[in-house]
1. Could you check how many residues of segment 82-97 are closer than 24 Å to Asn138 by Cβ and surrounded by 21 or more Cβ atoms within 10 Å (Cβ to Cβ)?
2. Checking the conditions here, which among Val249, Val267 is buried (at least 22 other Cβ atoms within 10 Å of the Cβ) and closer than 21 Å to Met55 by Cα?
3. List every residue pair whose Cβ atoms lie under 9 Å apart, where the two residues are 6 or more positions apart in sequence or sit on different chains, the first residue falls within segment 204-231 and is under 21 Å from Leu189 (Cβ atoms) and not assigned by TED's automatic domain parsing to the domain that holds Leu131, and the second residue, located anywhere, is of a type in the set (Gly, Ala, Ser) and not in a helix (DSSP H, G or I).
4. So Asn287 ticks every box in (1) part of a loop (DSSP other than H, G, I, E, B); (2) more than 22 Å from Phe90 (Cα to Cα); (3) out of contact with any strand residue (DSSP E or B) (no Cβ under 6 Å at 6 or more places or on another chain) but one. Which box is left unticked?
5. Identify the residue in segment 37-81 that is surrounded by fewer than 12 Cβ atoms within 10 Å (Cβ to Cβ) and assigned to a loop (DSSP other than H, G, I, E, B) and, among all such residues, is modelled with the lowest pLDDT.
6. Is one or more of the residues making up segment 133-156 buried (at least 19 other Cβ atoms within 10 Å of the Cβ), farther than 30 Å from Met230 by Cβ and touching a residue at least 24 places away in the same chain (Cβ under 8 Å)?
7. State all residues of segment 157-173 that are in a helix (DSSP H, G or I) and under 16 Å from the mean Cα position of the chain (by Cα); if no residue qualifies, say none.
8. In segment 251-269, which residues are assigned to a loop (DSSP other than H, G, I, E, B) and more than 27 Å from Tyr39 (Cβ to Cβ)?
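The values are calculated or read from the model by the stated rules, or taken from the named source; none is laboratory data. Note that this is a predicted model, so its numbers are computed, not measured. Every residue, glycine among them, receives a Cβ derived from its backbone with ideal geometry; neighbour counts consider all protein chains shown.
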Amino acid sequence: MSQNFVISTDTNCDLPLPYAKERGLLLLPLDFILEGVTYHGDEEKITMGEFYDKMRAGATPTTTQVNFETARERFEPLLKEGKDILHLSFSSALSGSYNTVNMVAQELQEHYPERTILVLDSLCASLGQGLLVHKALNLRDEGKSLEEIARWVQDNKLHICHNFTVEDLKYLYRGGRVSRTTAVVGTALGIKPIMHVDNEGRLVPCGKVRGRKASLNALVDNMVKQCQGMENDIFFISHGDCMEEAEYVAKLVRDKLKIEKCLINHVGASVGSHSGPGTMALFFMGNVR
C-alpha cells in the first residue's frame, strides 16, 4: 500500500466506521441535529436504528455540511507529515460540503505549496459515494498513484448507479422532493417512487410502481438493464432500518446477476433525514445512470 497520500471522504458515504478504520480511510463528519442534540457523523452516540425510531415517532432531524474548521484540523496534520490528500466529496448538488472542502484545500495549499490536495465532486450519495470510494481504495492498494486514481474516479463516477425507493412519501414531501398532492395521492394509492441520482448528482424520480414489493423488485430490474456489459464484483445496499427487505433485494440480485459479494449498511442521517425510514437503495456499476 502506498503511504505517500491519503484518500478521504465524508460520512455521507455511509460506509461502516470499522470499514473506514480498517482501510485507512479518512472521514470528515457531516453532523445532524435530532431533538435539540447535535451528533457527529463519525461517532456512534446514537445507532441508526434509534435514529429511525425517533423519526417514526415524529422527530424531524436537520443536517449540516462538512465544517470548515473540522476539515482543516483533519487535513493539516497529514500535510505536515508530508502526505498528499485525495478527497472524494458528497455530491455538490445535494450538499455544500464539496465547496467547503475546496476552500479548505485552497487555504492549506498556500501554506503547503509542495503538497497536493485534490478535491473531487463524486456526484454520488450514500453508498453510491461509498462504492466509488471503495473502488478508489482498491486502486490505492494495487499501487496506483494519486493522479491515476483521480483520473479513474473522474472517468467512472457517472457509472456509479443509484436506485432508490421509499416507504413513506411524507419525508420526500417535507424535503421538497415531491408535491403535497403527490404525497397524499401516492400514499392513498400505495404508489412508490423509483428514484436515482442523475448525472448532475441530483436525487430525482425516474418511475413509480404500486406496492412496496413491486418497488423493491423494480430496483433490481433496473439494475439488470443498467449493468449489461459492466463488470460488477460487488454491489452495495443501504436501507432506512429495514434489514429484512435489504436482504430480500440482495438475494434478488444474486439470483438474477450471480454477483455474490454485497455490503449492506444503513442510509445515514445526511440522506435518511430527507428520505425517512424504509428507504431502500441499490448501488452498482452500470452503463448509464
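1. 8
2. Val267
3. Once the first residue is under 21 Å from Leu189 (Cβ atoms) and not assigned by TED's automatic domain parsing to the domain that holds Leu131 and sits in segment 204-231, its partners that are of a type in the set (Gly, Ala, Ser) and not in a helix (DSSP H, G or I) give Arg210/Gly190; Gly211/Gly190; Arg212/Gly190; Arg212/Gly278; Ala218/Gly207; Leu219/Ala281.
4. (2)
5. Among them, the one singled out is Glu44.
6. No, there is no match, as no residue in segment 133-156 is buried (at least 19 other Cβ atoms within 10 Å of the Cβ), farther than 30 Å from Met230 by Cβ and touching a residue at least 24 places away in the same chain (Cβ under 8 Å).
7. Start the filter on segment 157-173 by keeping residues that are in a helix (DSSP H, G or I), which leaves 157-159, 169-173.
Correct list: Lys157, Leu158, His159.
8. Within segment 251-269, Lys258, Ile259, Glu260 meet the criteria.
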